[in-house]
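No lab work stands behind these numbers, since they all come straight from the coordinates. These numbers were taken from a predicted model, which means no experiment stands behind them. All Cβ positions, glycine included, derive from the backbone under ideal geometry; neighbour counts span all protein chains shown.
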């Protein structure tokens, strides 16, 4: 029989991609992503013994990762709500560090300009999570998920159009 620690490490190994995706959406530079990655692991470990439903591990990891990231942003007063998009993609350390194709870079930049909840919803939507799963992870109603996804998609279209025509 596996110990609690062994079970946790196995789950972490299988689901660590979620942590990386959440970090990519919320933190632009490598040092912040690394720090937050460690904080997420700590929060997961703290709450793991009390996890009741082992059938929804992925949803639990998303919820803890997103909540930890948002809490860290609020705590460090780094939340930026901008009406104007940055002038250049080069301003982000992340874009310089990673060599993604241009479409992905533009999508990521457009997502960066969304508020934290909409970032989370779009991440989960792009991960093809159901409205029910998104509602459970974010803590809003299923109908609110649908409304917010439609608004977020429209905002992404506008941001991407601005990036395509503005640069």
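Remarks
- Sorting 140, 18 by the number of Cβ atoms found within 10 Å of their own Cβ, with the fewest placed first, yields 140, 18.
- From least to most packed, judged by other beta carbons within 10 angstrom and beginning with the fewest, 125, 62 follow the order 125, 62.
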